[in-house]
Amino acid sequence: MTWLMLATKLAAAAADKAAARPTVSGGEAMMIGLIAIGAALAIAIPALATALAQSRIGAAMAGAVAERPELVGSAIILVAIPETMVILGLVIAFMITTLKAGVK
């Protein structure tokens, strides 16, 4: 079986499954969309802040380690600290996506 035939069969099966799903009202669809946007923002904003912080920390770390190699350990820790913002954003995004189950 070629990849194209397999992809066609999978797409047809997915379309059949999607057609069998129950429909949602306009208010529920809006709520689901807003929850998805909130979850996306909970990851995107900390990720951008982390990228900005790590770019500055990385440049400073390279200069500091070039002058004093014994600072490698603390430099690695300083690069890892901003990553916790993204991990916490991911946790918040998971919490936001579970809101649908609790809202009636």
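Report every pair of residues separated by at least 6 positions or lying on different chains whose Cβ atoms are under 7 Å apart, first residue within the stretch 76-90 and closer than 17 Å to M61 by Cβ, second among the β-branched types (V, I, T) and surrounded by 12 or more Cβ atoms within 10 Å (Cβ to Cβ).
L78/I57; V79/I57; P82/T50; E83/T50
Select from the stretch 57-100 the residues that are β-branched (V, I, T) and outside any helix (DSSP H, G or I) and write down the one among them that is surrounded by the fewest Cβ atoms within 10 Å (Cβ to Cβ).
T98
Out of the stretch 54-104, which residues are touching a helix residue (DSSP H, G or I) at 6+ places or on another chain (Cβ under 9 Å) and among the charged types (D, E, K, R)?
Those that are touching a helix residue (DSSP H, G or I) at 6+ places or on another chain (Cβ under 9 Å) and among the charged types (D, E, K, R): E83, K100.
Of the residues that make up the stretch 56-76, is at least one of a type outside the set (A, V, I, L, M, F, W, C) and under 23 Å from the mean Cα position of the chain (by Cα)?
yes
Can you confirm whether M30 is surrounded by fewer than 12 Cβ atoms within 10 Å (Cβ to Cβ), more than 16 Å from the chain's Cα centre (by Cα), at pLDDT 75 or above and not hydroxyl-bearing (S, T, Y)?
Here the answer is yes, as M30 does meet what is asked.
The values are calculated or read from the model by the stated rules, or taken from the named source; none is laboratory data. All of these numbers come straight from a predicted model, not from anything done at the bench. Positions of Cβ are generated from backbone atoms using ideal geometry, with glycine treated the same way; all protein chains shown enter the neighbour counts.
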